Amino acid sequence: MRIGPILERITKSVDAGNGCYWILLDPDDFSDREAARIASEAQKAGADAMLIGGSLLNTNHLDSFVSSVKKAVDVPVILFPGDATQISSMADAILFLSLVSGRNPMNLIGEQVKGAPLIKEYGIEPISTAYMLVESGAVTSVEFMSNTRPLPRSKPMIAAAHALAAQYMGMSMIYLEAGSGASSTVPSKMIRMVREYVDIPVIVGGGIRDASTAVEKINAGADIIVTGNLLHKKNGIKIMKDIAKVVKAKRKKK
Ligand code: 1GP
């Protein structure tokens with residue numbers, strides 16, 4: 001498959017040591033107007049892309065939500081769907097996720113089959129992404145909703161083997177996910193081993209709440225850091241600014 005413009009932009013900026021901080025906006029958490037304001041603040045704070053989605057969507061305003069965010073920012077707006085119902089024609093691209101850490105056929109290929117024709121019809125760019133859920137203490141929403149077991153956090157080689165298999169299957173990115181609000185982040189040892197085995201971009205998210213943790217993940221080999229819950233913190237924008245600043249400085253030096 002030809003590389004689309006958004007993946008090309010991501011890959012180029014990752015190679016140049018940029019584009020390494022993404023924000024996750026859950027449509028259940030904000031109104032369209034709030035999302036526009038927050039996205040614009042996040043962009044000013046240094047966010048390089050906006051992800052939109054959640055494990056479970058209870059509200060019915062995805063199109064207007066995506067469209068408000070798009071109007072407010074000029075970085076890519078990318079869907080991060082929990083299932084095939086979370087597709088909007090307003091987005092620039094969609095992470096075409098396969099939950100490769102699990103063995104639930106619906107999350108490996110079922111939802112993808114349901115969503116693919118609509119993605120084609122809408123002309124949104126699909127970015128094939130291996131989604132790997134990592135054990136992080138308590139049961140996370142994605143673990144519960146997908147009915148899959150996360151990768152054991154003390155077995156980095158199991159994660160590396162999954163990532164390599166995904167790359168061999170032609171996937172364009174790896175997303176190492178501890179789960180939104182996770183109490184423990186993806187272990188750096190695991191990121192390091194995955195990095196050793198694959199040469200496609202590695203995204204790391206879940207439970208990252210400060211700049212030093214973000215830098216630790218970048219040092220271990222993460223290309224892109226994602227935060228979501230910080231948007232709910234009183235001083236979240238300030239922390240996001242710190243994260244954007246330090247991860248960019250660190251990656252540029254590499
Ligand atoms: C979830 O990795 C993201 O996919 C963000 O997690 O909400 O814990 O920052 P947090």
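The values are calculated or read from the model by the stated rules, or taken from the named source; none is laboratory data. Computed from a prediction, not measured in an experiment: that's the story for all the values here. Here the Cβ is made from the backbone with ideal geometry for all residues, glycine too, and neighbour counts use every protein chain on show. Side chains included, ligands, DNA and RNA excluded: accessible areas come from the protein's heavy atoms. Shrake-Rupley method; radii C 1.70, N 1.55, O 1.52, S 1.80 Å.
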Worksheet item: What is the one condition in (1) assigned to a loop (DSSP other than H, G, I, E, B); (2) in contact (Cβ under 8 Å) with a residue 40 or more places away in the chain; (3) within 9 Å of the ligand (Cβ to nearest atom); (4) buried (at least 21 other Cβ atoms within 10 Å of the Cβ) that residue 231 does not satisfy?
Response: (1)
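Take the conditions at pLDDT 95 or above, open to solvent by less than 80 Å² (accessible area, probe 1.4 Å) and in a helix (DSSP H, G or I) and apply them to residue 97. Does it pass?
no
Taking the condition within 18 Å of residue 28 (Cβ to Cβ), surrounded by 15 or more Cβ atoms within 10 Å (Cβ to Cβ), free of Cβ contacts under 8 Å to residues at least 60 places away in the same chain and aliphatic (A, V, I, L, M), does residue 72 pass? Give the derivation first.
Details: within 18 Å of residue 28 (Cβ to Cβ): no; surrounded by 15 or more Cβ atoms within 10 Å (Cβ to Cβ): yes; free of Cβ contacts under 8 Å to residues at least 60 places away in the same chain: yes; aliphatic (A, V, I, L, M): yes.
Considered against the rule, which asks whether it is within 18 Å of residue 28 (Cβ to Cβ), surrounded by 15 or more Cβ atoms within 10 Å (Cβ to Cβ), free of Cβ contacts under 8 Å to residues at least 60 places away in the same chain and aliphatic (A, V, I, L, M), residue 72 comes out as no.
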Worksheet item: For residues in region 1-27 being at pLDDT 95 or above and part of a loop (DSSP other than H, G, I, E, B), which is surrounded by the fewest Cβ atoms within 10 Å (Cβ to Cβ)?
Response: 4
Worksheet item: Is it the case that region 208-217 has a residue that's of a type outside the set (S, T, N, Q), without any contact (Cβ under 8 Å) to a residue 40 or more places away in the chain and assigned to a strand (DSSP E or B)?
Response: no
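Just checking, how many residues over region 28-47 are in contact with a strand residue (DSSP E or B) (Cβ under 9 Å, 6 or more places away or on another chain) and open to solvent by 50 Å² or more (accessible area, probe 1.4 Å)?
The qualifying residues number 1.
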Item to complete: Please go through region 68-85 and pick out each residue that is more than 19 Å from residue 231 (Cα to Cα) and hydroxyl-bearing (Ser, Thr, Tyr).
Response: 85
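Of the residues 128, 141, which single one is open to solvent by 10 Å² or more (accessible area, probe 1.4 Å), within 12 Å of the ligand (Cβ to nearest atom) and not charged (D, E, K, R)? Please lay out each step first, then the result.
Numbers: 128 fails: within 12 Å of the ligand (Cβ to nearest atom).
Unique residue meeting the criteria: 141.
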Discussion item. Residue under question is residue 108, and the condition is that it be open to solvent by 40 Å² or more (accessible area, probe 1.4 Å) and modelled with pLDDT of 95 or more; does it hold?
Written reply: yes
Discussion item. If I go through region 168-202 residue by residue, how many of them are under 27 Å from residue 230 (Cα atoms), free of Cβ contacts under 8 Å to residues at least 60 places away in the same chain, in a loop (DSSP other than H, G, I, E, B) and open to solvent by 50 Å² or more (accessible area, probe 1.4 Å)?
Written reply: 1
